[in-house]
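> My questions will all concern the structure given below.
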Amino acid sequence: VIFDLLLIGFGHVARRFVRLLDERADRLAADEGMTLRIVGIGTRRHGCIRAADAGAVDSGAALSAVESGRSLETVPGIVPAADALALLRDVAAQGDAARDGRLIVVETTVLDIARGRPAIDHVQAALGSGAHVVTANKGPAAFAYDALQAAAVRAGRRFRFEGAVMDGIPVFNLVRETMPLVAVEGFRGVVNSTTNYILTAMEGGREFADALAEMQAAGIAEADASLDVDGWDAAAKAAALANVLMGAGITPHDVARTGIGGLSRAAVQAAASSGRRIRLIASAARRADGLDVRVAPETLPETDLLASLAGGENALALRTDLLGELVLVQRDSGLTQTAYALLSDVVGVGRELTN
Ligand SMILES: NC(=O)c1ccc[n+]([C@@H]2O[C@H](COP(=O)([O-])OP(=O)(O)OC[C@H]3O[C@@H](n4cnc5c(N)ncnc54)[C@H](OP(=O)(O)O)[C@@H]3O)[C@@H](O)[C@H]2O)c1
C-alpha cells in the first residue's frame, strides 16, 4: 500500500526522519507492505511545497535545499503554497489518499509553550481533511489531547505522538497496545535530556553554559533554551503523559514547575559529594483533591534509579494498578530515536489500515 506523507516542519527531526525512511524503505516494503512517499513539505521560513502532478517530492533535493539555506521552492517539479494550512488543503484535495485514509501528516513544528499553536491547528485541520496525524511535538497532546483525540475518532483517523516523550522509546503506544485494562495511577521520571546533561556535567565540574551550548549544537536542546532550563519542556511532557495516561485534561500551565536555572554548580557538586544526586523530576500522583502534576529538581539518594541517569539518559516509572511499578529507561537519546518514533507511529497507522 502506498501512503502519502505531508511533512509540516522540516527541521532536525523531520530531516532525520526523511533519511530514516530511505534507510528502511526495503524493510518497510518487505515486512509491512508499505511504500511511503513524501508529497509535500511545509515550513515557516523555507517555503511550503507539494509535488506537481500528484507525484512525490524529490526528498534529496529538499534536504539539500534546506541544508544549504535555500528555499524549498528551488526544488524541481513542485508547486508552492502560501502556508502550511493552504498546503494541507491543496494536498488533501488532490488524488484519493485523504479519502482512502492513506494520507499521513507528520507534524514537527517547534513547541509553542504559550498555547501549543499553530501545531494544534495543523493537527485539527489535518484530521478534518481526512489525514492521520503523527507528531513529535508535545504541544498537541499537552494542550489539547481530549479535543484532538475526539476529532480523530469522529474522523475515523489516527492521532499519534509517540515522539513527544522519551523520543523513540514506546510509552504511549506501549500502554495503549500492550496494557489493556491497566490503570496508570501515577508516574515519576527524568524526561528532559538537556537538563539531565547539564546537571551531570556540573557534577563533573563543568560550567552550566558550556554544557547547554553543547546540547544546542547537537540539535537536542530546544531552539529556545529557556524551554529546557526553566522546566517548560518537562512540564509539557508531564502534561501530555497525565492527559493521555491519566485523563488529566490539563495544560503545561497547570503543572507546578521549577526549573534548574537556580541551581549552582556548587550545590550540584555538594549533593554529589554527600552521595546524593540532584535530578529534574517530572511526576504525577492522584490526591484526594485531584491530580498533582509537577516538575522540580529533587535531591535523590544514590540508590534511586533516577539518580543513576547520566548525560542525556531518561527514565520513566509508571505506577499501575495491575502491574505495580514498571520503569522504562532510555540510554541513548537523539534525533534517530525521535525520527524512529515518527516512523513507528506511521507503521502503526499503516498496520491498522491494512489489517
Ligand atoms: N530535537 C529533538 O531531539 C527532539 C526530540 C523530541 C521531540 N522533539 C520535538 O520535535 C519538534 C521538531 O524539533 P526539531 O528539533 O526538528 O526543530 P527545528 O529543527 O527547530 O525545526 C522546526 C521546523 O518547524 C518549522 N516550523 C516552525 N513553525 C512553523 C509554522 N508555523 N508552520 C510551518 N512550519 C513551521 C520550521 O520551519 P523553518 O525551517 O522555516 O524554520 C522548521 O522546519 C519540536 O516540537 C520538538 O519539541 C525534538
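The values are calculated or read from the model by the stated rules, or taken from the named source; none is laboratory data. Every value quoted in this text rests on a predicted model; they were computed, and no experiment measured them. Ideal geometry is used to build each Cβ from the backbone, glycine not excepted, and the neighbour counts take in all protein chains shown.
> List, please: which pairs have Cβ atoms under 7 Å, are six or more places apart or on different chains, and start with a residue in region 86-108 that is in a strand (DSSP E or B) and end with one that is buried (at least 21 other Cβ atoms within 10 Å of the Cβ) and polar (S, T, N, Q)?
Here the result reads GLU107/THR135; GLU107/ASN137, each pair linking region 86-108 to a residue that is buried (at least 21 other Cβ atoms within 10 Å of the Cβ) and polar (S, T, N, Q).
> Here is a further query. Consider region 307-333. How many of its residues are within 13 Å of the ligand (Cβ to nearest atom) and either assigned to a strand (DSSP E or B) or buried (at least 19 other Cβ atoms within 10 Å of the Cβ) (or both)?
4
> List the number of the failed condition for LEU127; all other conditions in (1) more than 14 Å from the ligand (Cβ to nearest atom); (2) part of a loop (DSSP other than H, G, I, E, B); (3) buried (at least 22 other Cβ atoms within 10 Å of the Cβ) hold.
Tallying (1) more than 14 Å from the ligand (Cβ to nearest atom); (2) part of a loop (DSSP other than H, G, I, E, B); (3) buried (at least 22 other Cβ atoms within 10 Å of the Cβ), LEU127 fails exactly one: (2).
> Please give the number of the condition ILE220 fails out of (1) at pLDDT below 95; (2) in a helix (DSSP H, G or I); (3) surrounded by 16 or more Cβ atoms within 10 Å (Cβ to Cβ).
Unmet condition: (2).
> Of everything in region 54-82, what is in contact (Cβ under 8 Å) with a residue 24 or more places away in the chain and surrounded by fewer than 13 Cβ atoms within 10 Å (Cβ to Cβ)? Give them in sequence order.
Selection gives GLU67, ALA82.
> Still on this structure, please answer the following. Counting only residues that are touching an Asp or Glu at 6+ places or on another chain (Cβ under 8 Å) and closer than 20 Å to LEU306 by Cα, how many does region 235-255 have?
Summing the residues that are touching an Asp or Glu at 6+ places or on another chain (Cβ under 8 Å) and closer than 20 Å to LEU306 by Cα in region 235-255 gives 1.
> Looking at LEU280, LEU300, which one is touching a strand residue (DSSP E or B) at 6+ places or on another chain (Cβ under 9 Å) and either surrounded by fewer than 20 Cβ atoms within 10 Å (Cβ to Cβ) or not in a strand (DSSP E or B) (or both)?
Result of the check over LEU280, LEU300: LEU300.
> Shifting gears a bit: So the check is Cβ under 7 Å with 6+ separation or different chains; which pairs have a first residue in region 187-202 that's part of a helix (DSSP H, G or I) and a second one that's basic (Lys, Arg)?
Listed pairs, sorted by first residue: ASN196/ARG279; LEU199/ARG279; MET202/ARG265.
> Go over the candidates ASP90, ASP58, ASP53 one by one and state the one that is closer than 28 Å to GLY348 by Cα and either among the polar types (S, T, N, Q) or away from the ligand (no atom under 16 Å from the Cβ) (or both).
None of the others qualify; the one that does is ASP58.
> Here is a list of conditions, (1) of a type in the set (Val, Ile, Thr); (2) part of a strand (DSSP E or B); (3) within 10 Å of the ligand (Cβ to nearest atom), and VAL134 meets all of them except one; can you say which number that is?
(3)
> OK, next. Aliphatic (A, V, I, L, M) and in a helix (DSSP H, G or I): which single residue out of LEU174, LEU181 fits that description?
That would be LEU174, the only listed residue that is aliphatic (A, V, I, L, M) and in a helix (DSSP H, G or I).
> Inside region 197-251, can you point out the residues that are on the phi > 0 side of the Ramachandran plot and touching a Lys or Arg at 6+ places or on another chain (Cβ under 6 Å)?
GLY231
> Say whether the condition of being assigned to a helix (DSSP H, G or I) and more than 9 Å from the ligand (Cβ to nearest atom) is met by at least one residue in region 31-43.
yes
> Please state which of the following conditions ILE169 fails to meet, knowing it meets all the rest: (1) part of a helix (DSSP H, G or I); (2) closer than 23 Å to TYR340 by Cα; (3) of a type in the set (A, V, I, L, M).
(1)
> Which one is nearest to ARG115 (Cα to Cα), of the residues in region 231-267 that are assigned to a loop (DSSP other than H, G, I, E, B) and among the aliphatic types (A, V, I, L, M)?
For region 231-267, the residue satisfying everything is ILE250.
> State all residues of region 93-124 that are within 11 Å of the ligand (Cβ to nearest atom) and of a type outside the set (D, E, K, R); if no residue qualifies, say none.
VAL106, THR108, THR109, VAL110, LEU111, ILE113, GLY116, PRO118, ALA119, HIS122
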